[in-house]
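This report concerns only the one structure given below.
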Amino acid sequence: AAQVTALAQRFAGPLQAVELFPGANTGAGWGAPPNPEAYASLYNQVQAQLQSAGLPLLLVGGGLQPLSTQAANGDLPDLAFLQRLYQAGAFPAVISVQLTGVADDPLAAPRTGQPVLRHYEEVRQVMSSVGQEKSVIWITAFRAASGTIQASGVNSANGQVQQNASLYQVMAQLRSQLYIGVAFYDSLNPLSIDAAQSALIPSDMQYHPYTGVFRELIGQNGGTTFVSRYGRSKGEGIDKPRP
């Protein structure tokens, strides 16, 4: 709590939100066997200290990571973790979800043990079941499955067309959900040579064609663009203007 408060005081203005222990439902993210009750206590204490200090920092909770049926090392399924988090008395205004390595089909329906993009629907069901309809979801990490974004290689031109269409569908789909506040593409630049295959701007600076679409989607959030909009901007009203 003291660390988050110090960050908020030092970087007041530029720092607007903090995601508290992303991946808390995993041992790697929590640093120990996941404990929703301990996380709820931590979240509430940090939130109380921020409020006591009068700091308008948005505390984002969870960083939930969907797991396959082969979850190991004491990792908890993210939906079970979220349910226990609510039961322990923590109610974050923003629940964050990290969708990395999901199935290639953006329209695939949620199914047990298979991470898919529409997993956010299952997260939303848990939120709604405890009366948290006013809370929103942030997709704080979205990354295509390893090796699906390639700037070169055999049949790379055809592959890029398919990748472009798939990523466009993903972002338009996320944008259309009014309970999803923001989505971050997590692999703009490669973290390593091995990660270059899933990056939009590989180390050789050969831009993937989707970077132009991605830039255009981001630009639409400014409200001054005149290009066609993909999905619905979060700043737009849902009521049609009357003549």
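Summed over the stretch 126-142, residues that are open to solvent by 30 Å² or more (accessible area, probe 1.4 Å) and of a type in the set (S, T, N, Q) total 3. If you go through the stretch 10-32 and keep only what is within 23 Å of the chain's Cα centre (by Cα) and among the small types (Gly, Ala, Ser), you end up with Gly13, Ala17, Gly23, Ala24, Gly27, Ala28, Gly29, Gly31, Ala32. Reported count of residues in the stretch 106-125, each being surrounded by 14 or more Cβ atoms within 10 Å (Cβ to Cβ) and either in a loop (DSSP other than H, G, I, E, B) or of a type in the set (A, V, I, L, M, F, W, C) (or both), is 8. Residue-level check: of (1) of a type in the set (A, V, I, L, M, F, W, C); (2) farther than 23 Å from Ile180 by Cβ; (3) part of a loop (DSSP other than H, G, I, E, B), Ala48 misses just (3). Of the residues making up the stretch 32-43, just one is open to solvent by 70 Å² or more (accessible area, probe 1.4 Å) and either of a type in the set (Val, Ile, Thr) or not in a helix (DSSP H, G or I) (or both), namely Pro33.
Restricting to the stretch 142-181, give me the number of residues that are among the small types (Gly, Ala, Ser) and modelled with pLDDT of 70 or more. Within the stretch 142-181, residues that are among the small types (Gly, Ala, Ser) and modelled with pLDDT of 70 or more number 5. Of the residues screened, Leu7 is not one that is modelled with pLDDT of 95 or more, part of a helix (DSSP H, G or I) and under 23 Å from the mean Cα position of the chain (by Cα). Got a number for residues in the stretch 10-31 being part of a loop (DSSP other than H, G, I, E, B) and without any contact (Cβ under 8 Å) to a residue 40 or more places away in the chain? Residues that pass the stated criteria total 4. If you go through the stretch 72-83 and keep only what is at pLDDT 95 or above and open to solvent by 60 Å² or more (accessible area, probe 1.4 Å), you end up with just Gln83. Within the stretch 84-98, identify whether any single residue is open to solvent by 50 Å² or more (accessible area, probe 1.4 Å), polar (S, T, N, Q) and modelled with pLDDT of 95 or more, and answer yes or no. Checked against the condition, which is being open to solvent by 50 Å² or more (accessible area, probe 1.4 Å), polar (S, T, N, Q) and modelled with pLDDT of 95 or more, the stretch 84-98 yields at least one hit.
Regarding Ala40, is this residue modelled with pLDDT of 95 or more and more than 23 Å from the chain's Cα centre (by Cα)? So Ala40 fails the test. Could you list all residues from the stretch 1-23 that are loosely packed, with under 11 Cβ neighbours inside 10 Å and either among the β-branched types (Val, Ile, Thr) or touching a Leu at 6+ places or on another chain (Cβ under 7 Å) (or both)? Once the filter is applied, which keeps residues that are loosely packed, with under 11 Cβ neighbours inside 10 Å and either among the β-branched types (Val, Ile, Thr) or touching a Leu at 6+ places or on another chain (Cβ under 7 Å) (or both), the stretch 1-23 yields nothing. Taken together, Thr69, Thr26 contain a single residue that is surrounded by fewer than 13 Cβ atoms within 10 Å (Cβ to Cβ) and modelled with pLDDT under 95, which is Thr69. Might you check whether a residue that is in contact with a helix residue (DSSP H, G or I) (Cβ under 6 Å, 6 or more places away or on another chain) and at pLDDT below 70 occurs anywhere in the stretch 184-204? Yes; the residues of the stretch 184-204 include at least one that is in contact with a helix residue (DSSP H, G or I) (Cβ under 6 Å, 6 or more places away or on another chain) and at pLDDT below 70.
The values are calculated or read from the model by the stated rules, or taken from the named source; none is laboratory data. These numbers come from a predicted model, not from an experiment. All Cβ positions, even for glycine, are placed from backbone atoms using ideal geometry, and neighbour counts span all protein chains on display. When the accessible area is computed, the model is the full protein with side chains, heavy atoms only, and any ligands, DNA or RNA have been set aside. Shrake-Rupley method; radii C 1.70, N 1.55, O 1.52, S 1.80 Å.
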